[in-house]
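The values are calculated or read from the model by the stated rules, or taken from the named source; none is laboratory data. Source: prediction; values computed, not measured. As a convention, Cβ positions derive from the backbone with ideal geometry for all residues, glycine included, and neighbour counts pool all protein chains shown.
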Amino acid sequence: MALAFAATPALRAPTAVSHRAGEARRARGQDLAMKAMTGGLALAALRRFRPSRGYRLAGANPNAQRPLGLHRAAAVLAKPKELLGVEADEKYNVPVGVAEKLGKNLLLNESHPLGILWTTVQEHFAEQDPDCKFFDQEKPVVNTVDCFDKLRVPPDHVSRSPSDTYYVNADYVLRTHTSAHQCQFLSQYPKITSFLCAGDVYRRDEIDASHYPAFHQCEGVRLFDATKVSRDEVMEDLKKTLEGLAAHLFQLKTGEDTMRWLDEYFPFTEPSLELEIFYNDDWMEVLGCGARGSQTSATGSPDLPPIFFIFFSTFQDL
């Protein structure tokens, strides 16, 4: 199921550093993460996970047009012959300003706040789960089958509309989430048990305090055998894993006073939850997550484990 125009996935291990350098990097990552949540450092801002309406609501009119946002009013289209090796057609709707953001690879820059944060996350998961793999070099142009069909997004869902998604041609889009690579990894690496994928993603959102058309997302997946564990056990493992990540990043102790879970709806997981942390006298959302069974994976592979969990968190705007 490898994408026709995708680069070969890179399996990356956290960069080897000395103990002192590692401690310094973790401290910097924690400081950047907290500053990000409070708006103190724009470049490292962790965006509160607020999917556009198309990613929350099923059955909406896919042809509905929203009022022009700032970026739409100023958008300049200049259709190229191709974008990252994918031929453009009459459905192309990627503004010049958005296309220029492709290929910056900020996550791979270890001196950039995003690179520091991503490295901190990798180091944490590598310590907790030595078998975890890391992907961060997938091309952001993906086909609609991987971006929508395999993730149970209905054909008439509003998120498929050109008003919500950037199209290169009728069959290829700028990925709207890192989940677009999920089935690819599971098929390409049949022995994989857990992985994290991070990258730049793009949505035709109205620009406001918590939305921008280009941002970064990190997604994690862990697979289980449903003959050995129940869905409740999977969810407990999910909560424990993400509470540990939040405690590591934000220097918090786990507990009801610092973290809480809220029921949420995402079309690709059941059940679905959001994690909030308490900081500066308020609750702030930091990520969404949930469980998913093979009967909903739409991959058609009998070799995939029957259940797995997934979490996703949104990083800074480009």
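For the reader, a short list of remarks on this structure follows.
- Looking only at the range 172-201, and only at residues there that are part of a strand (DSSP E or B) and farther than 21 Å from Leu108 by Cβ, the one that is farthest from the chain's Cα centre (by Cα): Tyr172
- All of (1) within 19 Å of Tyr212 (Cβ to Cβ); (2) within 16 Å of the chain's Cα centre (by Cα); (3) assigned to a loop (DSSP other than H, G, I, E, B) hold for Leu107 with one exception: (3).
- Residue match in the range 110-132 (condition: part of a loop (DSSP other than H, G, I, E, B), more than 19 Å from Pro80 (Cα to Cα), at pLDDT 95 or above and polar (S, T, N, Q)): no
- Residue list for the range 241-285, filter: surrounded by 18 or more Cβ atoms within 10 Å (Cβ to Cβ) and either free of Cβ contacts under 8 Å to residues at least 12 places away in the same chain or part of a helix (DSSP H, G or I) (or both): Thr241, Leu242, Glu243, Leu245, Ala246, His248, Leu249, Phe250
- All conditions but one from (1) touching a strand residue (DSSP E or B) at 6+ places or on another chain (Cβ under 7 Å); (2) surrounded by 14 or more Cβ atoms within 10 Å (Cβ to Cβ) apply to Arg204; the one that does not is (1).
- Just so you know, in the range 286-309 the residues that are of a type in the set (A, V, I, L, M) and in a loop (DSSP other than H, G, I, E, B) include one that is modelled with the highest pLDDT, and it is Leu304.
- All positions within the range 202-218 that are under 13 Å from Tyr166 (Cα atoms) and part of a strand (DSSP E or B): Tyr202, Ala214
- Residues satisfying the stated conditions in the range 148-169, i.e. in a helix (DSSP H, G or I), crowded, with 19+ Cβ neighbours inside 10 Å, at pLDDT below 95 and not hydroxyl-bearing (Ser, Thr, Tyr): Lys150, Leu151, Val158
- Qualifying residue in the range 222-232 (condition: touching a helix residue (DSSP H, G or I) at 6+ places or on another chain (Cβ under 9 Å), of a type in the set (A, V, I, L, M), at pLDDT below 95 and in a strand (DSSP E or B)): yes
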